[in-house]
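Right, one structure below, let's go through it.
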Amino acid sequence: MGEKKIKIQTSLLVKNTVLNFIGQVIPLLVALITVPYIVHGLGAERFGIFSLAFVVLGYLSILDLGLGRATTKFVAEALGNGEICKIAPIVWTSLVFIIIMSLIGMIVLIALTPLLVERILKVSSYLIEEAKLTFYIMSISILLTLIRATLSGVLEAYQRFDILNAFGIPSNVLTFLIPVIVIYAGGNLPMIIILLLLKNTSVMILYFILCRKLIPSANPLSSINFTLAKSLFSFGSWIALHNAAVAILLYLDRFLVGVFLTMSAVAYYTAPYELVSRASIIPSSMMMVLFPAFSSLETIDKERLQNLFIRSFKYLILIMGLVLSIIFVFAREILLLWLGNEFAEKSTIVLQIFSVGVFFSSLAWLSGTLLQGIGKPKVVTIINTLQVPVYILSTWLLIKVIGIEGAALSWTLRVFLTLVLLLFTCWKENLFKPIFLLQNGSLKLVLVLGIISGITSVVKSFIPLSLINFLLIFAVFTVLTFIIIWNIVSREDKAFVFHILISSLNFTKKVKGGINAR
């Protein structure tokens with residue numbers, strides 16, 4: 001299975017991106033239906049604890065020391081260069097160190113749980129024991145999460161997104177169905193975590209079996225190469241520092257809300273973020289495909305690498321801009337329909353701020369993926385690390401002044417700064433020129449979407465809320481937006497979009513019969 005080079009072709013990237021998108025849309029639809037039931041079933045405070053448990057897991061995931069990402073890069077390079085014999089040592093060496101660091105993380109979380117629950121977080125007294133048990137069980141997930149992430153990276157390098165989605169879709173759907181079933185049966189929060197743990201264990205074992213079939217035959221123990229480990233850690237160390245900085249930048253706001261406000265405030269803050277961040281399935285579907293593609297093209301065709309980045313950047317602006325403009329304009333109505341009046345009253349502004357931030361974040365994600373893919377993780381790490389102290393201070397101050405809206409504003413300003421710095425770095429690496437924003441219409445797209453969204457929001461505020469008015473405003477907004485954008489997009493871009501749509505339709509017809517994305 002691993003005897004040929006993996007060729008990076010447009011059709012392959014489109015197919016894998018579409019497959020990833022489908023693989024994330026299905027769990028998203030399940031989440032939209034089940035999350036309101038989970039929020040109301042657990043209650044605001046328990047849901048806040050549930051959310052923070054995954055925040056802590058996210059923090060401790062940095063213990064992979066960047067080896068997961070390094071594994072993907074080195075395996076992709078080996079496949080691109082036809083150096084198949086290098087793959088087994090890369091994978092098994094990484095897994096050994098991943099397991100060691102995971103065990104350390106488990107011990108750390110178990111030791112810190114009493115301090116975290118009893119002293120740091122504002123947990124009501126009647127929930128302290130339940131919260132502690134939740135964190136104890138969650139500690140085991142560190143091992144499963146890190147191993148699964150590394151094995152997923154191997155499958156990504158092989159461009160086997162068919163496998164990832166075949167098992168990822170049911171797994172992600174169960175992530176939302178399990179809490180619903182437990183709540184309906186009268187179970188508690190620790191029971192939800194236990195069943196999620198068992199589900200993740202099963203998926204990890206399946207990924208391990210599949211990777212064993214892909215990787216050229218070799219004894220895992222004899223494949224461990226401590227000399228190779230030096231190269232993995234050399235690349236991975238910068239990824240690890242980057243992941244540490246990103247973990248702080250990504251989760252700090254929720255943690256500080258829990259420290260300075262209440263667990264209920266965490267729920268009112270986390271729910272809109274979880275909603276709007278679901279739009280990230282679009283860049284996520286792209287990045288999973290683009291990172292190994294960037295890694296392969298960096299060594300064989302830099303012109304194609306640059307063109308791939310520029311085109312991806314523009315279409316990300318177009319697609320994410322449309323989706324997030326709708327969320328921004330109709331934030332209150334979305335929350336009212338999804339979670340009820342209480343969340344609509346307390347979380348609308350937060351959702352609007354986050355919709356702007358996620359737009360900037362998706363573009364920064366693409367730029368950072370490019371730099372990591374060409375072997376420049378150090379620059380991305382430095383950019384994120386330098387922001388940490390400023391972000392901590394701004395988030396603390398803004399939470400104190402304007403509450404959860406301040407936390408959302410601090411996050412959005414931070415991702416915008418990240419985008420500017422990453423694009424500047426890409427320009428210095430001759431991968432991006434500011435003038436291209438004008439030449440290919442990217443800047444026009446941003447301005448048009450911003451102006452239409454702003455005007456629609458102002459007009460909507462003067463019109464009484466009713467179903468008829470909502471449908472009318474939505475229809476006018478949608479038609480006007482598409483008409484203007486259609487006149488901005490070039491003929492070449494229109495032809496490319498049609499090509500993607502046709503390819504996607506043809507591709508989805510083959511899903512039922514089994515897909516080979518290689």
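Since every read-out is calculated from the coordinates, none of them should be taken as a lab result. Here the structure is a predicted model, which means the values were calculated and not measured. Backbone-built Cβ (ideal geometry, glycine too); neighbour counts: all protein chains shown.
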Report the full-extension gain for the segment Glu83 to Val96: residue separation times 0.36 nm, less the Cα-Cα distance, to one decimal in nm. 2.5 nm
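With r defined as the distance between the Cβ atoms of Thr478 and Glu274 and R0 fixed at 22 Å, what FRET efficiency is calculated, to the nearest 0.05?
It comes to 0.35.
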Between Leu393 and Asn188, what length in nm is gained on full extension when 0.36 nm per residue of separation is reduced by their alpha carbon distance? 70.2 nm
Please give the peptides 249-257, 191-199 ranked by average Cβ packing (other Cβ atoms within 10 Å per residue), highest first, as a rough proxy for protection. 249-257, 191-199
Based on the Cβ-Cβ distance from Phe208 to Lys378, what FRET efficiency comes out when R0 is 30 Å, to the nearest 0.05? 0.45
What number comes out for the charge environment of Asn188, summing +1 per Lys or Arg and -1 per Asp or Glu over other residues with Cβ under 14 Å away? -1
What shape does region 93-201 have by the C-alpha gyration tensor, where a ≥ b ≥ c are the square roots of the eigenvalues, rounded means a/c under 1.5, and otherwise prolate means a/b greater than b/c and oblate the rest? oblate
When a/c is below 1.5 the answer is rounded, else prolate if a/b is larger than b/c, else oblate, so apply that to region 7-224 with a ≥ b ≥ c taken from the square roots of the Cα gyration tensor eigenvalues. oblate
At a 10 Å Cβ-Cβ cut-off, how would you order Thr456, Thr418, Thr385, Thr71, fewest neighbours first? Thr385, Thr456, Thr418, Thr71
Run the quick spin-label model on Ile120 and Val108: label points 7 Å from Cα toward the beta carbon, then report their separation in nm to one decimal. 1.1 nm
Of Lys73/Lys428; Lys314/Lys346; Lys132/Lys213, pairs whose Cα-Cα distance is over 30 Å: Lys314/Lys346; Lys132/Lys213
Under 1.5 on a/c is rounded, so check that first for region 339-466, then, if it is not, pick prolate when a/b is larger than b/c and oblate when it is not; a ≥ b ≥ c are the square roots of the alpha carbon gyration tensor eigenvalues. oblate
With each label point set 7 Å from Cα along the Cα-Cβ vector, what nm distance links Ile349 and Phe424? 3.1 nm
Whole-Hz Karplus ³J(HN,Hα) for region 128-139, in order, using 6.51 cos²θ - 1.76 cosθ + 1.60 and θ = phi - 60°, x for Gly and Pro? 4, 5, 5, 5, 5, 4, 4, 5, 4, 5, 4, 4
Which one, Ile98, Thr113, Leu42, projects farthest toward the positive side of the charge dipole computed for region 7-224 from Cβ point charges (K/R +1, D/E -1)? Ile98
Length-normalised contact order for region 7-224 - Cα pairs under 8 Å, 6+ apart - percent: 33 percent
Hey, can you rank 48-55, 342-349 by average C-beta count inside 10 Å, highest first? 48-55, 342-349
Highest mean packing first, using Cβ neighbours within 10 angstrom, the peptides 399-405, 137-143 sort as 137-143, 399-405
